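The values are calculated or read from the model by the stated rules, or taken from the named source; none is laboratory data. The model shown is predicted, which means the values in this text are computed figures rather than measured ones. With ideal geometry, Cβ positions are generated from the backbone for all residues, glycine too; neighbour counts draw on all protein chains shown.
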Amino acid sequence: MTLTTRGAVVQKAGLPRPYSVSRPVAVMELELLPPQRGEVLVEVEAAGLCHSDLALVEGVRRPPLPIVLGHECAGRVVEVGENVASPRKGERVVLSFAQSCGECVYCLSGRPTICDAGRAANYEGKLVTGGTRFRLNGREVHHHLGVSAFSEYIVVPSSSAIPVPFDLPVEKLALFGCAIPTAFGAVMNVAHVNLGSSVAVFGCGGLGLNLIQASKIVGATQIIAVDIIENKLERALKLGATDVVDASKKDPVAEVKKLTEGRGADYCFEATGDTRVMTQAFLATRKGGTTVILGVTSSEDRVELPSWLIMGEERRVLGSYMGSIVPRRDIPVILNLFSQGRIRLEEVITGEIRLDELNEALDRLAEGVAVRQIVRMK
Ligand SMILES: [Zn+2]
Ligand SMILES: [Zn+2]
């Protein structure tokens, strides 16, 4: 049965700020077609507003429009299509924005975040199971990363809906769709941060603050937080940073080196999407160390790296999309850490909003005065 849902639609990107005036996001009544083979219908309970959503609104990322915004959420399965073994009707789920087919060479080698068909579907604003399910007056409206979190109801591939095995507060669960798996995956699966190592995190937003928590859990003994906003550095200290560098006042490369006996950090994580910061993170890594690039840029952006330092100093530069996780394997592991009280989110979640307050929330995110703002659907 076709359903009606209120969803946050972006029809045009690149409008001027403030968004509270230009209003790029409009909440509209949409039609939602029923789940097809391999899909589920989810009632969204809570969704987080991420920098990647802002990058879409700014026109830095350019999926087809109109599109229903959002990619980080948790909800409950209300209907399942044919041929779905999991999740089951009634189960609470966290949504993965890395769509995957389960059959390509990447999926089969444990790299579903770079799945061929999933990537193609995400670029086209479609579901990996084929086509779109949102309609506005009979016209197609696209899915954002196969999720479109800012809608009361969504249809998603069953492979994107990860069952939550614990009873946890739903407003916090939204973050297990993007910020937390990206951060924990980058630390545990990509960089393999070792006990006793030094880490520098460039950018202390939703991603950076969780990189700090993950580094602490795996036993990094020195965690240097770098940002240009004092309030974010204070949050970083509360979550386990041992040192902070205000990059608006001091050269972050020189400061990280000074704090690491002149060597540079063993691991540097870039979490800003600014290519100049990517260069800084690389230069602040020690010889033989690892730099992980996580920020979202446009496809035209280029990053400048001194080539001699890559070969001559045996530095590794790694990229990671969604923490290179296998969602069904890794999200339950991270949820288990949370259920044990080892992940704290009170410093990461800075406010709750309604669906029709997204334009104002985008302004706060762009200005750096908010970290994660959560939309509660009810
Ligand atoms: Zn995100
Ligand atoms: Zn695949």
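Side notes on the structure shown:
- Single condition Cys101 does not satisfy, out of (1) away from ligand 2 (no atom under 16 Å from the Cβ); (2) under 15 Å from Ser160 (Cα atoms): (1)
- Single residue of segment 214-231 satisfying the filter (touching a helix residue (DSSP H, G or I) at 6+ places or on another chain (Cβ under 8 Å) and buried (at least 24 other Cβ atoms within 10 Å of the Cβ)) that is nearest to Leu175 (Cα to Cα): Ala214
- Filter result for Ala46 (assigned by TED's automatic domain parsing to the domain that holds Leu95, closer than 17 Å to His142 by Cβ and either surrounded by fewer than 24 Cβ atoms within 10 Å (Cβ to Cβ) or under 18 Å from the mean Cα position of the chain (by Cα) (or both)): no
- The listed residue being at pLDDT 95 or above and more than 20 Å from the chain's Cα centre (by Cα), out of Ser215, Ser198, Ser160: Ser198
- Total residues in segment 176-193, condition within 12 Å of ligand 1 (Cβ to nearest atom) and of a type in the set (Val, Ile, Thr): 2
- Entirely in segment 1-104, the strands (runs of 3 or more DSSP E) that have 2 or more residues that are in contact with a strand residue (DSSP E or B) (Cβ under 9 Å, 6 or more places away or on another chain), in contact (Cβ under 8 Å) with a residue 40 or more places away in the chain and closer than 24 Å to Gly323 by Cα: 39-49, 73-80, 92-95
- Pair list, Cβ < 6 Å and 6+ apart or interchain, from segment 165-177 residues that are of a type outside the set (Lys, Arg) to residues that are within 12 Å of ligand 1 (Cβ to nearest atom) and modelled with pLDDT of 90 or more: Ala174/Ala47; Ala174/Gly48; Ala174/Glu72; Ala174/Cys73; Leu175/Gly48; Gly177/Glu72; Gly177/Cys73; Gly177/Leu95
- Of the listed requirements (1) modelled with pLDDT under 95; (2) in contact with a helix residue (DSSP H, G or I) (Cβ under 8 Å, 6 or more places away or on another chain), Ser320 misses just one: (1).
- Looking across segment 318-350 at every residue that is assigned to a loop (DSSP other than H, G, I, E, B) and without any contact (Cβ under 8 Å) to a residue 12 or more places away in the chain, the one that is nearest to the chain's Cα centre (by Cα) is identified as Glu346.
- Pick from segment 107-117, criterion in a helix (DSSP H, G or I) and more than 16 Å from the chain's Cα centre (by Cα), ranking: nearest to ligand 2 (Cβ to nearest atom): Cys107
- Test for His71: is it on the phi < 0 side of the Ramachandran plot, touching a helix residue (DSSP H, G or I) at 6+ places or on another chain (Cβ under 7 Å) and more than 15 Å from ligand 2 (Cβ to nearest atom): yes
- Of all residues in segment 133-151 being assigned to a loop (DSSP other than H, G, I, E, B) and surrounded by 20 or more Cβ atoms within 10 Å (Cβ to Cβ), the one that is nearest to ligand 2 (Cβ to nearest atom): Gly146
- Members of segment 162-213 found to be on the phi > 0 side of the Ramachandran plot and surrounded by fewer than 20 Cβ atoms within 10 Å (Cβ to Cβ), listed by number: His192, Gly196
- Note on segment 232-248: among residues that are within 17 Å of Ala214 (Cβ to Cβ) and of a type in the set (Gly, Ala, Ser), the one that is surrounded by the fewest Cβ atoms within 10 Å (Cβ to Cβ) is Gly240.
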